[in-house]
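Quick notes on the structure that follows.
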Amino acid sequence: MCIRDRYLDCAECYKEIYDTLVRNPEVFKDNQTIEFGFKVDQKTILENYVLFLAITTHSKEQLAHLHDLKTNYIQTLERHPKLLRLVNDLLSNELISTKPADFGFDTVEIFLKTVHHYEQHQKDFRRQLVQHNIRVLEKYYRKIYVARVSELLNVPKEEVEVEICEMINIGLIFAKIDRVSGIISFRKLQNENERLNEWIFDVNKLLDIVDKTCNLISRDNEMLKVCLLYTSDAADDLLCVDLGGRRIIKKKNT
């Protein structure tokens, strides 16, 4: 039905169709099927709208649509508890199920075998559920083991690494994976001013370390000068001095 990079466009099209049906219900008869076997009824169109949003890669535009659903379509969603739960989950800052079957959308049109790319739609639905949870973990963790993420999300470690790498590549998160230790390090997304402030802080910290190091070197040099002067005086007095700079006076043989 839609290739992966056009999911948001598809969602917006279904939104326009749904709004048209709400304003002019006489346009299509209930449960009418048009070309290519597509159903044109409010329930089917609404399901397709919400589910295409759900499989869309996370973005400001996707969030805007989800908030719009929660605000302006809440009465409609309340008549469809499954859709309402999905919208609430995607807007939450909590971990959610990564099993598509738990949401009960197996019979939704975009997941049916009669629809082109239905298998890709199913995979992308799971992918977005996993990526939602990774974004949630990023809010609460600076470092976390891959094995722990796999346990929390109930997905294989290999899949965790794949999804994190994809999210890094498209700029959804700042993170790195230490495969030797199996640790994921998250960093907060920063704007230009935040990055500049962090750079200034790091430079000042470095300069402070250099200054302290110079002071230590200077102090050691002064101590060395005193030690050398002390040993020089002892040598002039024909005295023996050990390595610690202490005088050892030898008695003269009589």
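Answer yes if at least one residue in segment 155-178 is open to solvent by 50 Å² or more (accessible area, probe 1.4 Å), in contact with an Asp or Glu (Cβ under 9 Å, 6 or more places away or on another chain), of a type outside the set (A, V, I, L, M) and touching a residue at least 12 places away in the same chain (Cβ under 8 Å), and no otherwise. It would help to see each step written out before you state the result.
So the first thing to find is which residues in segment 155-178 are open to solvent by 50 Å² or more (accessible area, probe 1.4 Å), and the list is 156-158, 162, 168-170, 174, 176, 178.
Now narrow it down to the ones that are in contact with an Asp or Glu (Cβ under 9 Å, 6 or more places away or on another chain): 174.
Retained after the next criterion (residues that are of a type outside the set (A, V, I, L, M)): 174.
Those left that are additionally touching a residue at least 12 places away in the same chain (Cβ under 8 Å): 174.
Yes: one or more hits.
If I ask for residues that are surrounded by fewer than 17 Cβ atoms within 10 Å (Cβ to Cβ) and in contact (Cβ under 8 Å) with a residue 12 or more places away in the chain, which ones from segment 129-143 would you list? Spell out how you get there, then give the answer.
Taking segment 129-143 and keeping what is surrounded by fewer than 17 Cβ atoms within 10 Å (Cβ to Cβ), we get 135, 139-143.
Once the filter is applied, which keeps residues that are surrounded by fewer than 17 Cβ atoms within 10 Å (Cβ to Cβ) and in contact (Cβ under 8 Å) with a residue 12 or more places away in the chain, segment 129-143 yields ARG135, LYS139, TYR141, ARG142, LYS143.
Taking the condition modelled with pLDDT of 70 or more, open to solvent by less than 100 Å² (accessible area, probe 1.4 Å) and assigned to a helix (DSSP H, G or I), does ASP233 pass?
On the way: modelled with pLDDT of 70 or more: no; open to solvent by less than 100 Å² (accessible area, probe 1.4 Å): yes; assigned to a helix (DSSP H, G or I): yes.
So ASP233 fails the test.
Taking only segment 148-172 into account, find how many residues are part of a helix (DSSP H, G or I), out of contact with any helix residue (DSSP H, G or I) (no Cβ under 6 Å at 6 or more places or on another chain) and more than 11 Å from PHE186 (Cβ to Cβ).
Qualifying residue count for the region: 10.
Restricting the search to segment 76-120, which residues are over 18 Å from ALA11 (Cα atoms), hydrophobic (A, V, I, L, M, F, W, C), assigned to a helix (DSSP H, G or I) and touching a residue at least 12 places away in the same chain (Cβ under 8 Å)?
PHE103 - this is the single residue of segment 76-120 that is over 18 Å from ALA11 (Cα atoms), hydrophobic (A, V, I, L, M, F, W, C), assigned to a helix (DSSP H, G or I) and touching a residue at least 12 places away in the same chain (Cβ under 8 Å).
Answer yes or no as to whether ILE96 is touching an Asp or Glu at 6+ places or on another chain (Cβ under 6 Å) and either within 23 Å of LEU152 (Cβ to Cβ) or not basic (Lys, Arg) (or both).
Details: touching an Asp or Glu at 6+ places or on another chain (Cβ under 6 Å): yes; either within 23 Å of LEU152 (Cβ to Cβ) or not basic (Lys, Arg) (or both): yes.
Yes.
Which is of a type in the set (S, T, N, Q) and at pLDDT below 90, of GLN75, GLN42, GLN62?
Selected residue: GLN42, the only one of GLN75, GLN42, GLN62 that is of a type in the set (S, T, N, Q) and at pLDDT below 90.
Show the residue pairs meeting these rules: Cβ distance below 9 Å; 6+ apart or different chains; first residue within segment 63-74 and within 12 Å of VAL50 (Cα to Cα); second residue open to solvent by 50 Å² or more (accessible area, probe 1.4 Å) and part of a helix (DSSP H, G or I).
Cβ pairs passing all conditions: HIS65/GLU12; LYS70/ASN88.
For segment 187-219: of the residues being open to solvent by less than 90 Å² (accessible area, probe 1.4 Å) and among the charged types (D, E, K, R), which is modelled with the lowest pLDDT?
GLU194
The values are calculated or read from the model by the stated rules, or taken from the named source; none is laboratory data. Worth saying up front: this structure is predicted, and the values here are computed from it rather than measured. Ideal geometry is used to build each Cβ from the backbone, glycine not excepted, and the neighbour counts take in all protein chains shown. In case anyone asks, the SASA skips ligands and DNA or RNA and just uses the protein heavy atoms, side chains included. Shrake-Rupley method; radii C 1.70, N 1.55, O 1.52, S 1.80 Å.
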